[in-house]
1. If the viscosity is 1.002 mPa s and the temperature 20 °C, what translational diffusion coefficient in µm²/s does Stokes-Einstein give for the range 25-127 when Rh comes from Kirkwood over Cα pairs?
2. Run the numbers on the range 10-181 and let me know its relative contact order in percent, using alpha-carbon pairs under 8 Å that are six or more apart.
3. How high is the FRET efficiency from residue 130 to residue 154, r the C-beta distance, R0 25 Å, rounded to 0.05?
4. Shape call for the range 12-62 from the C-alpha gyration tensor, a ≥ b ≥ c root eigenvalues: rounded (a/c under 1.5), prolate (a/b greater than b/c) or oblate?
5. Once you have all Cα-Cα distances for the range 10-181, histogram them in 10 Å bins from zero and send the whole-percent values.
6. Answer with one residue from 154, 10, 68: the one whose Cα lies farthest towards the positive end of the charge dipole of the chain, charges on Cβ with Lys, Arg +1 and Asp, Glu -1.
Amino acid sequence: MLCLMALTATMYRFNIQLSDVDRGVYETLELRVAQQPSETAEYMLTRVLAWCLEYTEGIALTEGVAAGDEPAVLVRDLTGRITAWIEVGAPDADRLHRGSKLAGRVAVYTHRDPRIVLDQLAGKKIHGGEAIPIYTFGRGFIEKVAAILPRRASLSLTITERQLYLDVDDQSFSTAVEERMVG
C-alpha cells in the first residue's frame, strides 16, 4: 500500500524594523510567512521584500504560489476594494492585465533576470502596461540573503535613494532597487 503525505508549508517569523526614507514610512512590524513546498527561498524572500517596500495600511501577503488567482501581495482600502496588485517572480501577461483592471496600481518584484521577464511580456496585451514597474535587486543579493535566512529572524530594512540596506540578525547586505517599465 502506497501512503502519500501532503507537504506542508515552512513557517517563518520576522520582526522587522522598516525605515523607508524615500516614502517616509517608519514601522516596527511582525510578519509570519508560510513558504509553500513549491516555493523557493528566493521567491519567498522577494515576497517579503515586496511587502516591506510596498508597506501601507491594508497590505496583506497572500499564500504566494498557492494563492491561485491572487497576486503575492495585495493592498485593499477600507471598503475591501483592491488598490494595489503586487506580483512576484515572472507573472504572465494575463495576470498583469487582470490585476491592472482590478487595482489602481500594479507592480512586479522579481528575483529573476529582468530581461527574461520583460521578454516574456513583450508584445502582449496588458491593460495599462506602460505604467507597470518591474523592480529588481542587484545580482546575487536575493540568493545571498536567502541562503542564510533563518526561520526566526530580526530584520532591519532601510531604503534611501533607491538603495536597500538589510540586516538579518548580525549580517548586513545592501543592493540597489532597480526599476524598469513593462511598456
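1. It comes out at roughly 152 µm²/s.
2. 22
3. The computed FRET efficiency comes out at 0.05.
4. Here the range 12-62 falls in the prolate category.
5. Values per bin, smallest distances first: 10, 40, 39, 11, 0.
6. In the chain, that residue is 68.
Every number in this text was worked out from the coordinates using simple rules, so none of it is lab data. Quick caveat, the model's predicted, so the values are computed rather than measured. Positions of Cβ are backbone-derived with ideal geometry, glycine not excepted, and every protein chain shown enters the neighbour counts.
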